Amino acid sequence: MGRQRTRRAPQVARTTTARGGGDGQGFTERIVDIDVSEEMQGSFLEYAYSVIYSRALPDARDGLKPVHRRILYQMGEMGLRPDRDHVKCARVVGDVMGKLHPHGDTAIYDALVRMAQPWSMRLPLVDPHGNFGSLGGEDPAAAYRYTECRLAEPAMLMIGGLDEDVVDMRPNYDEKEEEPEVLPAAFPNLLVNGAAGIAVGMATNMPPHNLVEVVQATRHLIAHPRATLDDLMRFVPGPDLPTGGRIVGLEGVRDAYETGRGTFRTRATVRVENVTARKKAIVVSELPYGVGPERVKEKVADLVRAKKLQGIADLEDHTDMKNGLRLVIGVKNGFNPDAVLEQLYRLTPMEETFGINNVALVDGQPRTLGLVDLLRVYVDHRLSVVRRRSEHRRGKAQDRLHLVEGLLVAILDIDEVIAVIRSSDDTAAARERLMQVFDLTQVQTDYILEMPLRRLTKYSRIELEQERDELRARIAELTAVLEDERRLRRLVSDELAQVARDHGTPRRTVLLESAGQPVTGAVPLEVADDPCHVLLSSSGLLARTTGAGPLPVEGGRSKHDLVVSAVPATARGHVGAVTDLGRVVRLPVLDLPALPPTAAPPSLAGGAPVTEFVALGKGERVLALTSLDPASPGLALGTAQGVVKRVLPEHPAGKDEWEVLALKPKDRVVGAVELRTGDEDLVFVTSDAQLLRFPAAGVRPQGRGAGGVAGVRVAAKQSVVAFVAVAPGEDAVVVTVAGGSGALPGTDAGTVKVAPFTEYPPKGRGTGGVRCHRFLRGEDQLVLAWAGTGPARAAGTGGAPVELPPAQGRRDGSGVPLARAVVAVSGPAGALVGPTAAPDADAPDEGGAGPAADGQG
């Protein structure tokens, strides 16, 4: 650099010297040349050192930056203990700024707010009152004239013992006050609460940890000073973030613990829930450290608008003070929630990377520290604090013992003490005579002379001797601690254990060794059109299976909800629901809740009510399901007045519902079944115990608008109670339940009879059939009947199983009493589907079960 001599250059320094006298004085200007590079280098180094040491980096001993340390110290000096009332934050900010911290009020208040936020600090040091911001920083804290604060319980551990000369004090910026160079810190605050700061040429970023785990590691290091990193990581496996979440991959964590630098990934805590019967949602209950819900919502909205994120239906924020964070991300039908979640992890802040940079001040110099070094620096600091505290307490005890021993001498001969004092000319003479007569020191003599005479009356020899013995024992104990390093370390370890017992909390963050392979590599984003089964239960629940395998014959009987209809389908196809008004409603299979693979029919505990999918009229109910397969032999329906109809599988395209039977006035469909081969036998059972069996081939298929043909002849004032189809060659049974006049299923136990289906001979269509149940006294009607593949299963109110008697040989015999009323009878769920395969997933969807045109079902 060249030499600069212009007066306007900032690097020029000037000094002036007065010359002349009288009224006219002259001045001589002297210009000093300064090298710009040297000046810039020196000034920058001073500035950098000031930022590093006085502002941005924490001290490795107490884990605090100067501003945090000054806030806690000044709040302690103001008496803002946890048992006192809150005070305005403006008072704290003003006192800290005026006495200790020569910087702006914004920096002080921001530091105060952070120490009060439970989502920023694992162990908050300030107890807040008022609006202190929100998670992620989307909503800032209220102005300090509105908020209030006081010290939290853990903060008392940070400043405890300052009055016992445990740390060095230094003058403040104007040398009118004193402040501690470091706080005593009764727990490893740097690891527990972490730190973040940007200095000149360096930065620090340390995650919070669990107090109990850090204390355990510290105590182990105290007991084993040569402990290795592996030894300590048995206690501290990884960070424990205030907001919980999950840490995925621990390799970077170990690198950070070993070298002071490393990275790890944090993920939100989520679960997939069935919000409604038709909707699945990803529910977020915990977010990565430092990420707020507003940030996630904005990012998801931007990605959806840009069409970079697929499968998101909506996003609702249900967060409140009672339940905490709850983001509900709706998943569109036809998309795998796991695959959508992987997209969210990859594209949104629901997965973040945290870079660990353990830079802290050690002896005033910035150093990058691993876990072992961090704990060693803290242990050395805590040993020094406890040693100085013990020395201070021993000195206080020795001083008091010296005075007590002098009092004991005076108390033993108080009259002579008083006489000596009264006979002395002045205080100096009294002091000299007391020291000579009673062999006291000047300190003891001054204490006796300055003590009012009335205070001597409260002392007794016994009390003073007891206090003397206690002081001697305390001094001996403190001396033993100071002279024995092992006792000193044990004392520090015990105090740490007490801190962990008082303030420890369970771990919040889950540690995962690895996230495994990306979900998108194994699970497609959209739900595949795989074969499955759709089930309808006797209580009106709908559900679908997750595979096309055969349904088990037996299932758990704790919730005996019978499967009354089961049809094959595909996940992205459609099925039909047949109601007792003779109409069919198209249902997208994808809308139905999927049973977990472990769920075994006949239990449909994971199903949803059929009313959530089908709009039913007053008194209308769903009887059965149909697969809408165009290759099916058709649907067979039977009415209460004995009409039977076979409907051709013609399903109008573009319609969600249509009629399949033109009912006569006051007539209703009592049974509907999808035929599998067309060779089945159709069975009517009437309320006067008549059963008619005839082949389905004897009923000519008709179009949707036809009214059917005569099926069974029904006597006056009687009606059909059951209509079913039985496949040839099946080991079928007939179940009939009898009751009195006006009895309804589930209201009266009645009697039940189970007979082999082969006992009932086939008759011609339109005839009256044969007797199937002999009534006992008090019985005059059948309230319930069923025929199908055995063994038959019955359920009462609430789904509880009802035992049925074994099959009898007589077709027209009477029944046996039931233990409880029966509301439904069915057979094995697997028999309802039969051996036929599920429809081809690639079949067209014109009223069938092929893929939906829009690709979403």
Practice problem: Enumerate the residues in segment 390-404 having an amide nitrogen under 16 Å from the point lying 7 Å beyond the Cα of Glu178 toward its Cβ. | Solution: 392-393, 396
Quiz item: Separation between the Arg777 and Lys666 pseudo-spin-labels, each 7 Å from Cα along Cα→Cβ, expressed in nm?
Solution: 3.4
Quiz prompt | Under 13 Å from the Asp230 label point (7 Å along Cα→beta-carbon), backbone N, segment 357-393 | solution = none
Quiz item: Two-decimal Rg/Rh of the chain from alpha-carbon positions, Kirkwood Rh?
Solution: 1.24
Quiz item: Any idea what the dipole of segment 720-830 comes to, in debye rounded to 20, about its Cα centre with Lys/Arg Cβ at +1 and Asp/Glu Cβ at -1?
Solution: 200
Practice problem: Give me the distance in nm between label points sitting 7 Å out from Cα along the Cα-to-Cβ direction at Asp469 and Arg271, one decimal. | Solution: 6.2
Quiz item: For Thr266, Thr147, what's the fewest-to-most ordering of other Cβ within 10 Å of each Cβ?
Solution: Thr147, Thr266
Quiz prompt | Full-stretch length increase - Met435, Glu612 - with 0.36 nm per residue and alpha-carbon distance subtracted | solution = 53.6 nm
Quiz item: Roughly how many whole Å is it from the C-alpha centroid of segment 57-132 to that of segment 627-675?
Solution: 76
Quiz prompt | Per-pair calculated FRET efficiency, R0 = 41 Å: Leu482 and Arg84 via Cβ, rounded to 0.05 | solution = 0.75
Practice problem: First measure r as the distance between the Cβ atoms of Val304 and Thr106, then evaluate 1/(1 + (r/R0)^6) with R0 = 45 Å and state the FRET efficiency to the nearest 0.05. | Solution: 0.75
Quiz item: Separation of segment 232-246 and segment 343-391 by C-alpha centroid, Å?
Solution: 14
Exercise. Determine the shape class of segment 531-833: with a ≥ b ≥ c the square roots of the Cα gyration tensor eigenvalues, call it rounded for a/c under 1.5, and otherwise prolate if a/b is greater than b/c, oblate otherwise.
Key: oblate
Self-check item: Peptide ranges 578-584, 473-479, 40-46 listed from the most packed, as the mean C-beta count within 10 angstrom indicates
Solution: 578-584, 473-479, 40-46
Quiz prompt | Whether segment 64-184 is rounded, prolate or oblate, judged on the alpha carbon gyration tensor where a/c under 1.5 counts as rounded | solution = prolate
Quiz item: So what's the back-of-envelope 222 nm ellipticity for the chain, counting only DSSP H runs of four-plus at -39500 (n - 2.57) apiece and dividing by all residues, rounded to 500?
Solution: -8500 deg cm²/dmol
Self-check item: Per-pair calculated FRET efficiency, R0 = 45 Å: Glu316 and Ala653 via Cβ, rounded to 0.05
Solution: 0.80
Quiz item: What does the convex hull of the alpha-carbon atoms of segment 122-254 project to on average, in nm²?
Solution: 12.2
Quiz prompt | Fewest-first ranking of Asp446, Asp62, Asp484, using other Cβ atoms within 10 Å as the exposure measure | solution = Asp484, Asp446, Asp62
Practice problem: List the relative contact order of the chain as a percent without decimals, with contacts defined as Cα pairs under 8 Å and 6+ residues apart. | Solution: 9
Quiz item: Looking at Val212, Pro118, Gln436, which one has the Cα that reaches farthest to the positive end of the dipole of the chain (charges on Cβ: Lys, Arg +1; Asp, Glu -1)?
Solution: Pro118
Practice problem: Quick one: compute a quarter of the convex hull surface over the Cα atoms of segment 274-394 and quote it in nm². | Solution: 13.1
Practice problem: Show me 208-217, 343-352 ranked by packing, highest mean number of other Cβ atoms within 10 Å first. | Solution: 208-217, 343-352
Exercise. Give the residue from Ala819, Ala203, Ala301 lying farthest towards the positive end of the charge dipole for the chain; charges sit on Cβ (+1 for Lys and Arg, -1 for Asp and Glu) and the dipole is referred to the Cα centre.
Key: Ala819
Quiz item: Taking a quarter of the surface of the Cα convex hull of segment 192-300, what do you get in nm²?
Solution: 9.8
Quiz item: How large is the dipole of the chain about the Cα centre if only Lys and Arg carry +1 and Asp and Glu carry -1, each at its Cβ, rounded to the nearest 20 debye?
Solution: 2920
Practice problem: Report relative contact order for segment 269-349 in percent, whole number only (criteria: Cα-Cα under 8 Å, sequence separation at least 6). | Solution: 35
Self-check item: Trp119, Trp658 arranged by Cβ crowding within 10 Å, fewest neighbours leading
Solution: Trp658, Trp119
Quiz item: Relative to the present Cα-Cα distance, how much length would full extension add between Thr28 and Asp255 at 0.36 nm per residue of separation?
Solution: 75.2 nm
Quiz prompt | Ordering of 241-253, 162-174 by packing [mean C-beta count within 10 Å, highest first] | solution = 241-253, 162-174
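Rule-based calculations on the coordinates, nothing more; no lab input. Since the structure is predicted, the reported quantities are computational estimates derived from the model, not experimental observations. Note that each Cβ is placed from the backbone with ideal geometry, even for glycine, and that neighbours are counted across all protein chains shown.
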